[in-house]
Every structure is written in C-alpha cells, then in structure tokens.
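Below is one structure; the comments refer to it alone.
The values are calculated or read from the model by the stated rules, or taken from the named source; none is laboratory data. Bear in mind that the values here come from a model prediction, so they are computed numbers and not experimental data. Neighbour counts are summed over all protein chains in view; Cβ atoms, including those assigned to glycine, are modelled from backbone coordinates with ideal geometry. Calculation scope for accessible area: heavy atoms of the full protein, side chains included, ligands and nucleic acids excluded. Shrake-Rupley method; radii C 1.70, N 1.55, O 1.52, S 1.80 Å.
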Amino acid sequence: MKRILVVSQHFWPEPFRINDIVEGFTQQGIQVDVLCGLPNYPKGEWFEGYHYTSPRREHHFGAEIFRAGEIPRKGNTGPMIFLNYVSWPFMALFHLWRLPGNYDAILCYNTSPVLMNFPAIVYSKWKKIPLTSYVLDIWPENLYSVLPVKDRCLREIAQAVSDWHYRQADQLIAMSQSLKQRLVERTKKDPSKVWVIPQHCEDFYAQPMEDAELSARYGKGFVLLFAGNFSPAQSLDTVIKAVVQAHEQGAEDLRLVLVGDGMSRPQLEELVHSLHAESYILFAGSTSPQRIPCYTHFAQGLVAPLSASPDLGMTVPAKIASYMAAAKPILASMDGEGAAAVQEADCGYTSAAEDVDALTQSILRLYHDSPERRQTMGQNALAYYRAQYQRSQVLAQLQQALLGRSDTDTTR
C-alpha cells in the first residue's frame, strides 16, 4: 500500500479542498497521514471542541491527523495574521518526530503562507522522501493582498524567502501555464518538474439542493450571489458599489447575497450602510461548503471578483470551478486566467478587476437577458466544469504527479 504525508496548516474541519483530496486518496486505497494546525480559520477563533492543547491526534476521511499548535489569527489584524503565519511552521517542526514515516511521497498543499512548506522541507530532507508543493497562493505576491508591505527591504526578504521555499521542493504543481512559467523563471527548475493541475471542484457543488426557508429569506427578486472568504484580495467593495449603481439604473428588484465571513466583513458592512443599501445587499453569514448549493439554487447569477493584480490573475480561482458546477451564469470581475476561463466556456460576462462601471454593465446585461439565455450560459458552465475541473480527473493527475500511478498524464 502506498503512503503519503500531506502537510497543510489548514485542514478539516476548516473548509479547504485538501479535505476532499485526502478523502479521495484514501478511497483509492492510499494510506494518508496529515500534519496540520488547529482549526481557527477564518475568524481566528478555535472551532468547537478544539483548544490549544488538544486534540492533537485524530482520524478522519480514513486518514490519521497530527496537529501542531499555532497562534490563532484572532481579529484578523495584520499583526495577528503575521503571527499566525510564522507560528505554525515553527511549532510543526517539533511534531515531525510523531509521524510514523515510511512515506512514498510528501504533498504540501500550499495555500498562504509559503512558510507552511518549511516543516515539509525539513522532513523531506531528513527522511529523503520526495516533496511536491501544490502552489495555490503565489508568494510573496499573495501576501501583499492581505498585508500591505511597502518597505523595499522587507519585500526583497519576502521574495528571497518565498523563492527558497519553492526551490527546495522536488516538484511544484501550478494551477495554470502562466503560473508554471513564473515558477520556472523564479526557481530555475526543469519545466518537467513543474506540473500544471487545476484545483478540482467537489462533486457536491454540482448537486442542486433546495431549502425553502433560505429561498424565502434570500431568494426574492433577481439574486446575485457571492460565496467565499471576505478578504481584500476579493475586492468585494467593487461588487457592492456595482450592485448599488445597477440598482439605481433600473434594476429595482436586484439583490446581492453575500455568504461567508472574513477579515473584510466589518468594512464591507460599513460600506453597505454608508450607501443605504441594507435592504438589498444582505450578509447571510458563514455556512458549510456542502450547503452552498442551497444558495446557488435560487440565484440568477454568481459573482466572482478579484483585486487588480497580475499575480492574482495567473490562476483560475477555485470559486470559478464551484460556480461552474452550480450551472449558473458567472460575472467575473477579474483579470487573467479566471476571466479567460469564463470567456472560453461562454458561461457569463467578464470585466476588468476593480472596474465598478464595467461590472455594473455586466450586471445590467445579465439582468436584462432572457431566462433562456441565462439557462444556456449555466449549461455551458456545467459542461466546462465536467471537462476541466471534475474531481476524478484532478485526483488522477495528482496521483500521477506524486506516485507515478494514473491512466491520465496531460499535466506536463
């Protein structure tokens, strides 16, 4: 039986796609151990049943979980996020001895921070096990979307630290060809050592669900939906301003429902209040990923924004895949790969990142489209999801990258 060590600061019950990847591996008969942190994302508060000292060892998805401590990102202020970023990689080093060993491969599921690669690198060198880093957030560029670092010296340090971490991995996985090119340029790795594998979408996003209570509360009128993390990288203020403009330009029954939470929520709530838009811009709070289809069910369109950054534009956000699986039109307010995917699929309308006026026009265009046109765009989205982002395909590609076992090898 093959055995994989997964290293990720974030893991179940936090809602990250590595959860589904681990479950998929175990379903394929692979033994998986996970080295991760204590769940506190996104609010920075311990999840129910967890605190700093326990539990440190669990079983879930058929995998064995080893948890190392971390400083929670309580309040989501810059200093607390920084402490969270540096604390877990350091504390995880003291838990490497707990791991059973005898792994065939190590996978670092590298969301932010890049520093979570460090314990994986140390264990890889110590035990001479090949390490593959799945680059979900490119650093230091993604860091600057959360913490506005302006000092040139600090930026040079962040660049050097990030590049060092990427170079230490035996293989890298990028989510797009443009990100692969960037990683090859920065690390000087042989291009054959950098795979291109998109983020997959869990199957449940493609299963329609109806909740009569939610539909009655939020589903009246013409509903646009955003579901995800409220962070500066999402540029949700652009969406709010565009919805207000569209409402003022005749879309009187337009509503925006925001599902999720995060560090930007207080500022977004204040913006909605200042624009006197509380009656049609609604904060629905957090929910589990499995419940998102209950919200997409009553929406006429799904909004996917990003901040204006060529670096963020190098990847297709995971949100695009889950939106496509919902078979609804997409309004992509972003640059780069994500917008290109929506255009290629012909499943919605795109506008430049942070362009409020252009997004307003996209909203009005969708608002005035016929129901048949919106249905066609939704079916185009579903077809593209099935061709590009379905779980079984991506899991096969990951297995090929890590273990050399798959019937599908289209990722080089």
* Structure fact -> Expected single match for under 19 Å from the mean Cα position of the chain (by Cα) and closer than 23 Å to ALA321 by Cα among LEU256, LEU236 is LEU236
* Selection status of PRO198, under 25 Å from ARG265 (Cβ atoms) and under 21 Å from the mean Cα position of the chain (by Cα) -> no
* Asked: Does ALA174 fit the bill of being closer than 22 Å to PHE118 by Cβ and not charged (D, E, K, R)?
  -> yes
* Asked: Where residues in the range 252-272 are farther than 30 Å from GLU14 by Cα and not in a strand (DSSP E or B), which of them is least open to solvent (accessible area, probe 1.4 Å)?
  -> ASP253
* Name the residue, out of LEU395, LEU366, that is more than 30 Å from ASP104 (Cα to Cα), among the aliphatic types (A, V, I, L, M) and either assigned to a helix (DSSP H, G or I) or in contact (Cβ under 8 Å) with a residue 40 or more places away in the chain (or both). => LEU366
* To do: Would you please name the residue that is nearest to GLY338 (Cα to Cα), looking only at residues in the range 146-186 that are of a type outside the set (D, E, K, R), touching a strand residue (DSSP E or B) at 6+ places or on another chain (Cβ under 7 Å) and surrounded by fewer than 20 Cβ atoms within 10 Å (Cβ to Cβ)?
  => GLN177
* Asked: Mind checking which residues of the range 82-116 are open to solvent by less than 20 Å² (accessible area, probe 1.4 Å) and among the aliphatic types (A, V, I, L, M)?
  -> ALA92, LEU96, LEU99, ALA105, ILE106, LEU107, VAL114, MET116
* Select from the range 356-393 the residues that are at pLDDT below 90, of a type outside the set (Lys, Arg) and either more than 16 Å from GLN343 (Cα to Cα) or touching a Pro at 6+ places or on another chain (Cβ under 7 Å) (or both) and list them in ascending order. => GLN388, TYR389, GLN390, SER392, GLN393
* Asked: Among the residues of the range 375-397, how many are more than 23 Å from the chain's Cα centre (by Cα) and surrounded by fewer than 21 Cβ atoms within 10 Å (Cβ to Cβ)?
  -> 3
* Restricting the range 291-321 to residues that are within 15 Å of the chain's Cα centre (by Cα) and part of a helix (DSSP H, G or I), the residue that is farthest from ALA332 (Cα to Cα) -> ILE292
* In the range 61-77, what residues are more than 24 Å from VAL32 (Cβ to Cβ), outside any loop (DSSP other than H, G, I, E, B) and open to solvent by less than 30 Å² (accessible area, probe 1.4 Å)? -> ASN76
* First in the range 1-30 and open to solvent by 10 Å² or more (accessible area, probe 1.4 Å), second anywhere and part of a strand (DSSP E or B), Cβ under 6 Å, 6 or more apart -> MET1/GLN31; ARG3/GLN31; TRP12/HIS60; THR26/VAL32; THR26/ALA63
* Spot the failing condition for ALA327; the list is (1) of a type in the set (Gly, Ala, Ser); (2) within 16 Å of the chain's Cα centre (by Cα); (3) open to solvent by 10 Å² or more (accessible area, probe 1.4 Å), and only one is missed. => (2)
* Test ALA341 against the stated conditions and say whether it is closer than 18 Å to VAL196 by Cα, under 13 Å from the mean Cα position of the chain (by Cα) and not acidic (Asp, Glu). => no
* So is ALA246 more than 29 Å from ALA383 (Cα to Cα), more than 25 Å from the chain's Cα centre (by Cα) and surrounded by 22 or more Cβ atoms within 10 Å (Cβ to Cβ) or not? -> yes
* **Options GLY378, GLY338; residue that is under 24 Å from GLN290 (Cβ atoms), in contact with a helix residue (DSSP H, G or I) (Cβ under 6 Å, 6 or more places away or on another chain) and either without any contact (Cβ under 8 Å) to a residue 40 or more places away in the chain or not in a loop (DSSP other than H, G, I, E, B) (or both)** => GLY338
* within 23 Å of MET263 (Cα to Cα) and either surrounded by fewer than 20 Cβ atoms within 10 Å (Cβ to Cβ) or among the acidic types (Asp, Glu) (or both): does that describe GLU45? -> yes
* Yes or no: LEU225 hydrophobic (A, V, I, L, M, F, W, C) and under 16 Å from TYR367 (Cβ atoms)? -> yes
* Structure fact -> Just one listed residue, out of GLU354, GLU372, is open to solvent by 20 Å² or more (accessible area, probe 1.4 Å) and in contact (Cβ under 8 Å) with a residue 24 or more places away in the chain, and it is GLU354
* Identify all residues within the range 48-60 that are open to solvent by 40 Å² or more (accessible area, probe 1.4 Å), assigned to a loop (DSSP other than H, G, I, E, B) and either modelled with pLDDT of 90 or more or in contact with a Pro (Cβ under 9 Å, 6 or more places away or on another chain) (or both); write none if there are none. => GLU48, GLY49, TYR52, ARG56
